[in-house]
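First comes the structure, then the notes that go with it.
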Amino acid sequence: MRSCAASWNARERRGAILAAGCPTGAGTLSSAARPNTVIEIDGLSKRYAREVFALHDVTMRVGRGEFAFLTGPSGAGKTTLLRILLRQEVPTAGRVLVDGRDLAALGPADVQRYRRTLGFVFQDFKLIPRKTVFENVIFALRILGVPDVQQRRRTFQVLKWVGLQHRANAFPLELSGGEQQRVAIARALVNEPVLVLADEPTGNLDPDLALEIMNLFREMNAGGTTVLVATHDRELIHHVGRRTIALDHGSVTESA
Amino acid sequence: MIAGLTYFVTEAWASVWRGRSAAILSVLTIAIAAFVLGLFLLVAGHVQRTVDQWSRSAELSVYLRDESTDGERAAVRNVLRATPSVAAVEFVSKTAALARFRKNFPELAPATDSAADNPLPASFEVRLGSDQSAAAVERLSARVSRMAGVADVRYDRRWLDRLVSLGNFVRWTGLLLAGVLVLAAALTVTNVVRLSLYARRDEIEIMELVGAPLSFIRGPFVCEGMIQGGLGAVVALALLRVALTLSAPRLSALAAGLFEVGRIEFLSGLSVAGLIVGGMAVGCLGGLVASRRIH
């Protein structure tokens, strides 16, 4: 099983990165200039066709170091919102700020730099099947230009944190669903993200594994990382007990 | 930098190997184009060498009247020697001309024996410099032909120029044909790389999501095209070498009649390198076009 989260808490992770002299994400604001709100959305709308709104006048905030759930039935707009936050989609109207960046103002190179400050976890894991577990995780560091030794050290650390250091040389398809999701979480965290976005991360897992994955998110959040998880699993939300932002038909219906 | 290149090459090679059946198609297409280009380069090279050889021995023959005086001959010699485009002047007496004729055409020698007088005229054989212009030679020819004691002036450069034109025609036809084939090869590489891109679309999406730079995502695909192009050129050169070796005896006999070269030779090192680099450039172009879809 996975080792305890204390083996690599946020302070240690950040310390390792600073010691390596590596960027935690190009363009990240200095701590003094960082806003207290990581996600700041005002009047966001996304229209795909005439009068077909995926999101309509959404306004919401997620504070730094907060763990929030984005919930709602299928078609509520959860995935669209996450895609906008990942800058895979551009809003039709409204303003989206993430860690002080206005996503609408980002050019192509800025988008790349911005994404390096994020972590993402999807229901379908999004692992590269022909690469080993280790290669899947280290890949996110390689593009940051982290020195080789640091890349390997940090990858082992994060794999140890999710309890998969012994499967480092396995390929994704040799792992169970839960293990694959833990690899995806390791990859999401290895680059010290400001914000981790997860879209139905437990959708393919049984309840026990789902709880285990949620515990990883909680531990990640305890280390200081802001986490936004989209799920329609009310029971899981109840069990974890964090703030919930509910969407329905593209609009926020509840934020508690 | 080196780590990045290693990553590109490793990823590209793995991709070529995974999609080898499609890769073979584009390698063969490039090989055909490079083979045709190489063949024309080979022929054009031999034509050029022959032309060069003949150019070096291009001559203006000034035939003298039998009754020309020593003074007239000296005047002609002086004019020729004073001309900048003339490299060398050699006097061939009637006797020397006959001896050369008998040596070169032994089967016709008896005919000259039966003749009462030596029918061959004395002449000046003028070797022209390789950089002389046709107009300058024409002027010299016209001037000398009007001089006293001169029977005729023959200038064998005209048909050599025609041969040069023919050689150029062959070269340009070859280049045009190879150009069309290269275009077809580039399109094939583009489509094969596109297939590979499609097969790896999930991987590309992941790379985009982690914020990989475009060069990092596109690099392996461009490199994949370059590998295919380089392999195609190498295959073409190998085929050309084998074809040349197998047909060498027949070709040498043919070449002896066509070209004044001892034997058929393979492409120069520069041409070989040029074909390989060209193949890689075509592949690179195909890879670039295909990977422009990633943005």
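The values are calculated or read from the model by the stated rules, or taken from the named source; none is laboratory data. Computed from a prediction, not measured in an experiment: that's the story for all the values here. Reconstructed Cβ throughout: ideal geometry from the backbone, glycine too, with neighbour counts over all protein chains shown. Just so you know, the surface numbers come from the protein's heavy atoms only, side chains and all, with ligands and any DNA or RNA stripped out. Shrake-Rupley method; radii C 1.70, N 1.55, O 1.52, S 1.80 Å.
Worth a mention:
- The protein assembly as shown: antiparallel DSSP beta bridges as a percent of all, rounded to 5: 65 percent
- Summing charges over neighbours of A:Thr80, with a neighbour being any other residue whose Cβ is under 12 Å away from its Cβ, gives +2 when K and R count +1 and D and E count -1.
- When the Cα positions of B:Ala290, B:Leu237, B:Val9 are compared along the charge dipole of chain B, B:Ala290 comes out farthest toward the positive end, with charges on each C-beta of Lys, Arg, Asp and Glu.
- Mean Cα-pair separation over length for chain B, i.e. relative contact order, pairs under 8 Å, 6 or more apart, %: 32 percent
- Tilt relative to chain A, helix A:10-20 - C-alpha long axis, 0 to 90 degrees, to 10: 70 degrees
- Report note on the peptides A:109-116, A:50-57: ranked by the mean count of other C-beta atoms within 10 Å, highest first, their order is A:109-116, A:50-57.
- A Gaussian network model of chain B, with springs between Cα atoms under 10 Å, assigns the largest mean-square fluctuation among B:Val62, B:Val153, B:Val79 to B:Val79.
- Reachable lysines from B:Lys94, criterion Cα separation under 27 angstrom, eight or more residues apart if same chain: B:Lys103
- Contact surface B-A: accessible area buried, both sides summed, square angstrom, 1.4 angstrom probe: 1600 Å²
- Looking at chain A, the DSSP beta bridges with both ends there are about 50 percent antiparallel.
- Rolling a 1.4 angstrom probe over region B:59-155 with all protein chains present gives an accessible area of which 51% lies on carbon and sulfur atoms.
- Accessible solvent surface per residue of region B:59-155, calculated while the other protein chains remain in place, 1.4 angstrom probe, Å²: 58 Å²
- Comparing B:Ala74, B:Ala186, B:Ala34 in a Gaussian network model of chain B where C-alpha atoms under 10 Å apart are linked, the largest mean-square fluctuation is found at B:Ala74.
- Peptide A:126-133 shows a mean partner chain C-beta count of 3 within 10 Å per residue C-beta.
- Sorting B:Asp117, A:Asp102 by accessible area puts them as B:Asp117, A:Asp102; the probe is 1.4 Å, largest comes first, and only protein heavy atoms count.
- Dipole of region B:89-237 computed with +1 at Lys/Arg Cβ and -1 at Asp/Glu Cβ about the Cα centre; of B:Ala212, B:Met147, B:Ala109, farthest Cα towards the positive end is B:Met147.
- Note on region A:142-185 and region A:215-256: Cα centroid distance 25 Å, given to the nearest whole angstrom.
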